[in-house]
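To keep things clear, I will list the structure first and then write my remarks on it.
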């Protein structure tokens, strides 16, 4: 048996009776579209050709007021400052507004705070500098909703403040000229725009019918980079933005894609998420995010190339720094710690603050735990980032520990934290105490369970109608139920991946499992499994075929794992789950995996143990074949020598004498012990005597003879019995009832 790594939940797929009018798609895909509420049932038939979702920006209750104020600033030549955030969402939103306002002739500049010295959101020093520089209007992008004191500062000096944000709102709102926040506005029908999405709506309202498609390309980057739900208008922004990106004339974007080796003609949300957004985030993580804005608003090709090269160097540095910290962390944490702790705080004073969230995210996913990665800040405290997986709620957890924390913020799966160094261990201890009785096994949602026969190239091509995929509209997960596995191969430059074939009713599906090489031990033949994963198209030499990308696996039947080959056992023994050696098995109440690593005394003993303990898995390990036994001829030879020369002394000379007769030391001792047990000889003080009266006895009556003979038969049993025969014998034993039952 192989337990799944996650709890599998079935998606609430609508039944046939709840479908809308049939269209051109596979019925299962149509049900999936309806369950995700990507379209109303009455519009299902035209889903592939639907008009993108677009909400009028003037539905925002304060949009008209904002547009009037911006137009006044443009007409009167009032300096405008766009105050953005340092992440991908902030720099893209800032770039949209700067481009738009400059196109309309505004006197506009921008400011991005430094992550390390100014922190997130508005700060008084930067706003005071804006006042001294003569700005008459400040508009925030992707921040500002928490800047209460900073807003008051601008108001006191007669500077108007327009806040555009989408982050969590506190009880008290800043006093501002206007606030544009989708979650605060009951008139606007969609509440999940990114910061760049909110900036895009202002650009739409300002430019009306002549908004460039490139603005959607930039907003798409922020929408994907900030991991907002890809539903409703966000999904349309990303679809339109991806199309625009393929045609973009923005010099900075083209230069970044060239540096990232992104194929502009085939760019997808995956390229954006893993290739472009990390580069837009890198300057803010490592140095000054202003560089990213410069690149996105640049009009000169040579300058754009130079800026993109600088970003590439910073991103390379970010990657190296991240890898260095990851390697240091892996040396700090052992398997015993991971086994007992549900939350870990990892600290080093020299770690780079900008990459702590990346490291925490990777470790949380790898370890399926809450991981805090922290370093020294500039104020004498420890500061860092936390990430977790489904099942945790970091914000609630930290709320219960706030007596040990200076400040924190975040949500269920991500948080930022600052605390005194002396509280590091107490904080970790308290969190683990709070989590000790909590089942934190992560969950996944299975969208569809279909037979392999349905999963052809046409079906997988149709799945692309659900794209772009992201938060709130993830790639569908499929369950392959009651399948068999063959052709299991460990691949990769570090032998870390698996390739295999899934088989069901004569149909085959190629599969791959990244970083799951350890599972090869449990993918046994002639065993039914259930797999969960994604379906993708693999193209090679002009051929297209469906490929299954592994996420999780489950086996509910008894498994026999054959590792009798010593090399195979040495390679895989560390991958065995909850293994119990044969010597300790009698003392265990429940056995997950029984490892037969020594010869049982008899087949009856082995079968009895399996019948009683009913292990979920049995592993046959290499067994030491050094069993001492002797042929009947050697028994006769030894007895003849004793009879002729008794008493004999078991000294070195006598041992050599028997060795010349072809009888080893171990064989001689075995034979003498058998003779002694059936009273054919007397052994005393290192010498062997014949008794005065010898009764005729069968050698097989000796306990030593019986034990060694039984072990010899057991060795032959394990060496000569096939896997199929052993599986049948052990399965039958597990199913038999014991006397206690």
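Every read-out reported here was derived from the displayed coordinates using simple, explicitly stated rules and does not represent laboratory data. Keep in mind the model is a prediction, meaning the values are calculated, not measured. Note that we place each Cβ from the backbone using ideal geometry, even for glycine, and neighbour counts take in every protein chain shown.
Calculate, for residue 8 and residue 720, the FRET efficiency according to 1/(1 + (r/R0)^6) with r their C-beta to C-beta distance and R0 35 Å; round to the nearest 0.05.
0.30
Which ordering of 572, 387 is given by a fewest-first count of other beta-carbon atoms within 10 Å?
Least to most surrounded, the residues fall as 572, 387.
Sorting 247, 312 on the 10 Å Cβ count, fewest up front, what's the list? Please list the in-between numbers first.
Numbers: 247 11, 312 17.
Ascending number of Cβ neighbours within 10 Å: 247, 312.
Label point 7 Å out from residue 654 along Cα-to-Cβ: which residues of region 676-709 have amide N under 11 Å?
Within reach of a label on residue 654, which here means backbone N under 11 Å from a point 7 Å along Cα→Cβ, region 676-709 contributes 682-690.
Under 8 Å for C-alpha pairs, at least 6 residues apart: give me the relative contact order for the chain, rounded to a whole percent.
Answer for the chain is 9 percent.
Per-residue ellipticity at 222 nm for the chain, helices alone: DSSP H runs ≥ 4 residues times -39500 (n - 2.57), over residue total, nearest 500 deg cm²/dmol? It would help to have the intermediate numbers written out before the result.
Working: 25 runs with 290 residues, N = 741.
Value at 222 nm, helices only: -12000 deg cm²/dmol.
Calculate the FRET efficiency for residue 496 and residue 348 from the Cβ-Cβ distance with a Förster distance of 35 Å, rounded to the nearest 0.05.
The computed FRET efficiency comes out at 0.85.
Over the chain, what is the percentage of antiparallel beta bridges among all DSSP beta bridges, to the nearest 5?
Among the beta bridges of the chain, antiparallel pairing accounts for roughly 55 percent.
Considering only DSSP beta bridges with both partners in region 456-576, what is the antiparallel share in %, to the nearest 5? Working shown, then result.
Working: 29 of 32 bridges.
Bridges in region 456-576 that DSSP calls antiparallel: roughly 90 percent.
Just rank 44, 712, fewest to most, by other beta-carbon atoms within 10 angstrom.
Values: 44 21, 712 15.
Lowest count first: 712, 44.
For region 57-315, take every pair of Cα atoms, bin their distances at 10 Å starting from 0, and report each bin as a whole percent.
8, 34, 38, 19, 2, 0
Mind sorting out which of [x] 38.5, 148; [y] 35.8, 131; [z] 27.1, 108 is the real Rg and Dmax of the Cα atoms in Å computed from the coordinates?
Correct label, based on the coordinates given: [y].
Taking just the alpha carbons, could you work out the radius of gyration and Dmax for region 298-438, both in angstroms?
For region 298-438, the Cα radius of gyration and maximum Cα-Cα distance read 17.0, 60 Å.
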